1. Against the definition (among the polar types (S, T, N, Q), over 23 Å from residue 117 (Cβ atoms) and at pLDDT below 85), how does residue 3 come out, yes or no?
2. Can you name every residue in segment 31-50 that is open to solvent by 90 Å² or more (accessible area, probe 1.4 Å) and in contact (Cβ under 8 Å) with a residue 12 or more places away in the chain?
3. Counting just the residues of segment 117-140 that are part of a loop (DSSP other than H, G, I, E, B) and either buried (at least 21 other Cβ atoms within 10 Å of the Cβ) or of a type in the set (A, V, I, L, M, F, W, C) (or both), which one comes out nearest to the chain's Cα centre (by Cα)?
4. Kindly establish whether residue 179 is open to solvent by 60 Å² or more (accessible area, probe 1.4 Å) and under 20 Å from residue 38 (Cα atoms).
5. Specify which of the listed residues (60, 53) is exposed (fewer than 12 other Cβ atoms within 10 Å of the Cβ), in contact with a strand residue (DSSP E or B) (Cβ under 9 Å, 6 or more places away or on another chain) and free of Cβ contacts under 8 Å to residues at least 40 places away in the same chain.
6. In the set 35, 78, which member is within 13 Å of the chain's Cα centre (by Cα), within 28 Å of residue 112 (Cβ to Cβ) and at pLDDT 80 or above?
7. Is it true that residue 92 is open to solvent by less than 30 Å² (accessible area, probe 1.4 Å), part of a strand (DSSP E or B), among the small types (Gly, Ala, Ser) and under 30 Å from residue 55 (Cβ atoms)?
8. Here is a check on your reading of the model: is residue 106 out of contact with any Phe, Trp or Tyr (no Cβ under 9 Å at 6 or more places or on another chain), closer than 18 Å to residue 163 by Cβ, in contact (Cβ under 8 Å) with a residue 12 or more places away in the chain and open to solvent by less than 30 Å² (accessible area, probe 1.4 Å)?
Amino acid sequence: MINYPFNITNFKEKTNKKPDSHKNRGLSLEKLINDTNKFYIFNEKALIYKKPTPIHVVKTNKENIITEAYFEKPSTTDYNGLYKGKYLDFEAKETKSKTSFPLNNLNSMQIKHLNKVDEMGGIAFIIVSFTSLNRYFLYFIKDLKNYLKSNKKSIPLNEFIEHGHELEISIYPKLDYLKVIDQLF
């Protein structure tokens, strides 16, 4: 089998789901970003990784195999890395809403962390998927900070349309968010 275009098997999507007539329906935002990051790494465009969720180990057996553990609440963001000498840090979130993104989907530690990254010269943003609309937006922390001053409980879709950057799904990279970074930095 030819693994076009990269001749590596980890780019091939494996699924047991029936084909859907809607393009990329059912792909989670995390999967899209992880596949995109694999593409960036393979093509030496960027080095961006998903941070693992911290696990608190409670018990191990005699062979030092974990027998009891729980996920700790993540303290910062989902992804970080390096692109053209700049540090990137971002959070990925999904919402089923067709009209807004609930701000309680972001915890205060994530917002503080993204603000620190921005203050120290890094590039900080969130990527939000409106899953029922199949629309994806990159929204910089600077815009989020401005919006948080309004004390509203959600960000309307129109705010993403006006001040965010809509991301298009493609074959490779699947969700090319670095295209926005290239245009603005």
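The values are calculated or read from the model by the stated rules, or taken from the named source; none is laboratory data. Keep in mind that this is a model prediction, so the values were computed, not measured. Here the Cβ positions follow ideal geometry from the backbone for every residue, glycine too, while neighbour counts run over all protein chains shown. Accessible surface areas use protein heavy atoms only, side chains included; no ligands, DNA or RNA. Shrake-Rupley method; radii C 1.70, N 1.55, O 1.52, S 1.80 Å.
1. Taking the combined requirement at face value, the residue satisfies it.
2. Result: 42, 49.
3. Checked segment 117-140; the qualifying residue nearest to the chain's Cα centre (by Cα) is 133.
4. Spelling it out, residue 179 is indeed open to solvent by 60 Å² or more (accessible area, probe 1.4 Å) and under 20 Å from residue 38 (Cα atoms).
5. 53
6. Only one candidate qualifies: 78.
7. Against the criterion (open to solvent by less than 30 Å² (accessible area, probe 1.4 Å), part of a strand (DSSP E or B), among the small types (Gly, Ala, Ser) and under 30 Å from residue 55 (Cβ atoms)), residue 92 qualifies.
8. For residue 106, the condition - out of contact with any Phe, Trp or Tyr (no Cβ under 9 Å at 6 or more places or on another chain), closer than 18 Å to residue 163 by Cβ, in contact (Cβ under 8 Å) with a residue 12 or more places away in the chain and open to solvent by less than 30 Å² (accessible area, probe 1.4 Å) - is met.
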